[in-house]
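The next block holds one structure in the form of structure tokens; read it before the comments.
The values are calculated or read from the model by the stated rules, or taken from the named source; none is laboratory data. This one's a predicted model, so the numbers in the text were calculated from it and none came from an experiment. Here Cβ is always computed from backbone atoms with ideal geometry, including for glycine, and neighbour counts include all displayed protein chains.
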Amino acid sequence: MFTRRHFIGASLATTAAYAAGSFAPVWAQNAPNFGTPTLPTPGFRKIKVGDVEVISLNDGIARRPLVEEFVKNAPLAEVRALLASQNLPTEYIDIPFTPFLVVAGGRRILMDTGLGEFGGATTGKLLERLRAAGFQASDIDTVLITHYHGDHIGGLRNRAGEFVFSKAKVLVPAPEHAFWMDDARLAAAAEGMKGAFNNVRRVFAQMPAEMLVRFEPGSEVAPGIRSVAAFGHTPGHTLFDVASAGQNFTFVGDLTNVPELFARNPDWAVQFDMDAEAARKVRRETFQRIVANKSMLGGFHFPFPSLGRMVAAGNGFAFQPVAANA
Ligand SMILES: [Zn+2]
């Protein structure tokens, strides 16, 4: 099912997705012919997991035309039929961007950052959402990063070059950092892929040594928060498991793009998965574990409130969000 052609196709598509340049990824812009997505207000949703608060923070939504390449290994007609069966539009896809905040004791731990000042007009709302939820950027003591795509790290520094979460340590998966910061890989990268590598350098090259902390996936990154290797989407893509008082929450990052397609069909490969076969395997394994444990989960590209549970459905899984308002 996953031929070599698929792998090459996936990496070319990723390349094309970044081709608009390092600071304005085309996939984070709205497609002009399909109108503008409506953003949720106030755009955050808080739940309790044991003694811990978990808050989803909607950084915005990008509307993309649904094209053949979006799902690498399924006919467009099949993709459209699955959307239609869920009463969703079939000509375009709305992709939300959703960092999460974990408030545990005195700790305020942000997971991923959204696009910051580097995406389209309907993105970059994280700081506004944080304020609405009662927090300032300077309240954040830790930022956990799942992987180095621009929608996940873009908000770490603004256009002036300042570190937005100035008091935070930034914890990154060591294999992800090593991959993207490798100058030999940058030199060998296809022209269209260089923007992604350069964006990583914009964010991390001058980060002070005391701010940047590399961790090995599998290790504990904060009290009660364990990192979990989920390589495939990118070479060091990592999830975070939060445990408190017998309850569990997993931030699954980009284990799927929109779950309406890729949880329902875990074997489908979104164009952004760098190793589609590894991504497919870890997607199934992780969702099976989350269903078995009855964990709460949150996903970066899940529809607002982006928090809920996963249940088995057909050949895959269905996301059941909590109510949008508490
Ligand atoms: Zn992403």
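From the list 150, 155, pick out the single residue that is under 21 Å from residue 221 (Cβ atoms), small (Gly, Ala, Ser), within 16 Å of the ligand (Cβ to nearest atom) and touching a helix residue (DSSP H, G or I) at 6+ places or on another chain (Cβ under 8 Å).
So the residue among 150, 155 that is under 21 Å from residue 221 (Cβ atoms), small (Gly, Ala, Ser), within 16 Å of the ligand (Cβ to nearest atom) and touching a helix residue (DSSP H, G or I) at 6+ places or on another chain (Cβ under 8 Å) is 155.
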Inset, instruction - Would you point out which residue out of 37, 32, 99 is at pLDDT below 95 and either within 18 Å of the chain's Cα centre (by Cα) or not basic (Lys, Arg) (or both)? - result: 32
Legend entry - Meets criteria (away from the ligand (no atom under 16 Å from the Cβ) and in contact (Cβ under 8 Å) with a residue 24 or more places away in the chain) for residue 303: no
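Would you pick out the residues in segment 185-235 that are under 26 Å from residue 288 (Cβ atoms), out of contact with any helix residue (DSSP H, G or I) (no Cβ under 9 Å at 6 or more places or on another chain) and either surrounded by fewer than 16 Cβ atoms within 10 Å (Cβ to Cβ) or among the aliphatic types (A, V, I, L, M) (or both)? Steps first, please.
Of all residues in segment 185-235, those under 26 Å from residue 288 (Cβ atoms) come to 215-222, 224-235.
Checking which are out of contact with any helix residue (DSSP H, G or I) (no Cβ under 9 Å at 6 or more places or on another chain) leaves us with 218-222, 224-227.
Within segment 185-235, 218, 219, 220, 221, 222, 225 qualify.
Determine, yes or no, whether residue 254 is among the charged types (D, E, K, R) and either within 16 Å of the ligand (Cβ to nearest atom) or buried (at least 20 other Cβ atoms within 10 Å of the Cβ) (or both).
Details: among the charged types (D, E, K, R): yes; either within 16 Å of the ligand (Cβ to nearest atom) or buried (at least 20 other Cβ atoms within 10 Å of the Cβ) (or both): yes.
Criteria met by residue 254.
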Inset, instruction - Tell me which residues, restricted to segment 240-251, are crowded, with 24+ Cβ neighbours inside 10 Å and among the hydrophobic types (A, V, I, L, M, F, W, C). - result: 240, 242, 249, 251
Legend entry - Close pairs from segment 247-267: first on the phi > 0 side of the Ramachandran plot, partner within 11 Å of the ligand (Cβ to nearest atom) and of a type outside the set (Lys, Arg), Cβ under 8 Å, at least 6 apart: 253/112; 253/146; 253/147; 253/152; 253/233; 253/237; 253/299; 253/300
Inset, instruction - Within segment 121-136, track down each residue that is surrounded by fewer than 24 Cβ atoms within 10 Å (Cβ to Cβ) and either within 14 Å of the ligand (Cβ to nearest atom) or of a type in the set (A, V, I, L, M, F, W, C) (or both). - result: 121, 127, 130, 132, 133, 135
Legend entry - So residue 56, is it within 30 Å of residue 165 (Cα to Cα) and among the small types (Gly, Ala, Ser): yes
Inset, instruction - Restrict the check to segment 242-255 and report whether at least one residue is closer than 21 Å to residue 319 by Cα, in contact with a helix residue (DSSP H, G or I) (Cβ under 6 Å, 6 or more places away or on another chain) and of a type in the set (D, E, K, R). - result: no
Legend entry - Subset of segment 97-119 [farther than 17 Å from residue 166 by Cα, in contact with a strand residue (DSSP E or B) (Cβ under 6 Å, 6 or more places away or on another chain) and surrounded by fewer than 24 Cβ atoms within 10 Å (Cβ to Cβ)]: 103, 104
